[in-house]
Amino acid sequence: MENCIFCQIVSGTIPSSKVYEDDKVMAFLDITQTTNGHTLVIPKKHVRNVLEMDQETAQDLFVQLPKIARAVQKATGAAGMNIINNNEEVAGQTVFHAHIHLVPRFDSNDGISINYTTHEPDFQALGTLSEKIAKEVE
Ligand code: AMP
Ligand code: ZN
């Protein structure tokens, strides 16, 4: 896709700090380096995000994640890692070519804080909602 920044990285039109590449997948350092070693893993095929991803592209992409994540961990000495994926603007997606963030974690003061609002469990609502979702799985 012509005006997609990640397609331009795949084609080599714009530079990147590449850490991994095969026929289907590429991984490179995120320019913002949220923490040291912050890496993006992308399918070479232009797909908007996971919500629009076909199974084959998902297989190609996700099968490579563990080994790339381990390489980032080894190279940076990270104690752990957040693996994050944003889908659509409301969820924080700013580049509309699917990508998985590997964010190495070093300690609780490394600048990252991920907070989820939690609710008291409502088991009846959980049951109703899980049935509704299950019906939608194709
Ligand atoms: P998201 O907000 O999940 O869409 O993440 C997009 C990410 O792409 C951000 O963390 C940006 O820092 C990163 N980014 C944007 N342009 C580039 C680029 N040319 N090379 C590497 N990372 C980039
Ligand atoms: Zn693209």
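The values are calculated or read from the model by the stated rules, or taken from the named source; none is laboratory data. From a predicted model like this one, the values you see are computed outputs, not experimental measurements. Every residue, glycine as well, gets a Cβ built from its backbone with ideal geometry; the counts of neighbours run over all protein chains shown. Areas reflect the complete protein model, heavy atoms only, side chains present, ligands, DNA and RNA absent. Shrake-Rupley method; radii C 1.70, N 1.55, O 1.52, S 1.80 Å.
Would you point out which residue out of GLN8, GLN73 is touching a residue at least 24 places away in the same chain (Cβ under 8 Å) and in a helix (DSSP H, G or I)?
Residue meeting the stated conditions: GLN73.
Looking only at region 24-53, how many residues end up being part of a loop (DSSP other than H, G, I, E, B), under 11 Å from ALA98 (Cβ atoms) and open to solvent by 20 Å² or more (accessible area, probe 1.4 Å)?
Total satisfying the criteria: 5.
So which residues in region 65-83 are open to solvent by less than 50 Å² (accessible area, probe 1.4 Å) and among the hydrophobic types (A, V, I, L, M, F, W, C), if there are any at all? Even if it seems obvious, please write down each step before you answer.
Taking region 65-83 as the starting set, the residues that turn out to be open to solvent by less than 50 Å² (accessible area, probe 1.4 Å) are 65, 68-69, 72, 76, 78, 80, 82.
Selection gives LEU65, ILE68, ALA69, VAL72, ALA78.
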